[in-house]
Amino acid sequence: MLGLDADPAWRLAAAFLLGYRGHTRRAYFADIRAWYGWCAGIDVPPPRCAAPSRGPVDRRAARASAAGDGPPVAAATVTRRLSCLAGLYEYAVVDAGLLEASPVVRVKRPRVSDRSSTTGLTETELIALLGAADADGPRSAALITLLALNGLRVGLASRLGRGTDQPVPHDEPPDP
């Protein structure tokens with residue numbers, strides 16, 4: 001068996017993933033790993049798994065949307081996975097010159113609401129949080145105000161509290 005560094009499909013994936021950081025890179029890596037695993041399951045080596053036809057990509061997307069091997073996957077997840085594959089195959093065509101065309105270009109993606117499903121604080125909850133922070137002291141009040149009202153990231157706030165702009169070891173820069 002080839003090591004990952006000797007496998008052209010994984011070299012392609014690694015080169016593609018260099019353009020991403022943090023959460024996006026981890027999510028895209030998981031998406032590519034799942035895609036490559038699925039391709040291996042149908043005995044077609046990636047990245048040629050979908051070339052020149054988009055059929056395998058359509059089948060994979062349909063199976064993920066329906067309850068294929070497990071519970072159905074959210075439309076936003078299917079859309080993200082297809083975006084990852086679109087980027088990977090575009091990279092294979094444009095940057096690496098491995099394929100003539102991307103099989104993902106015309107694959108239909110599920111509709112996703114413009115409204116986020118992520119729950120935020122209600123106005124009442126935010127007022128209570130700001131009040132509790134204010135009661136705790138000026139540092140807490142300043143931190144919670146910056147986090148809540150300015151969208152400051154926790155990692156950046158922790159660096160500012162140390163008086164340095166150097167990243168905290170577990171902290172990652174924001175996604176592009």
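Where a number appears in this text, it was derived from the coordinates with a stated rule and is not lab data. These numbers come from a predicted model, not from an experiment. Ideal geometry is used to build each Cβ from the backbone, glycine not excepted, and the neighbour counts take in all protein chains shown.
Taking the fewest neighbouring Cβ atoms within 10 Å as the starting point, the ordered list for Arg111, Arg33 is Arg111, Arg33. Working note: Karplus 6.51/-1.76/1.60 with θ = phi - 60° gives the stretch 37-44 the couplings x, 5, 4, 4, x, 9, 6, 10 Hz, where Gly and Pro are set to x.
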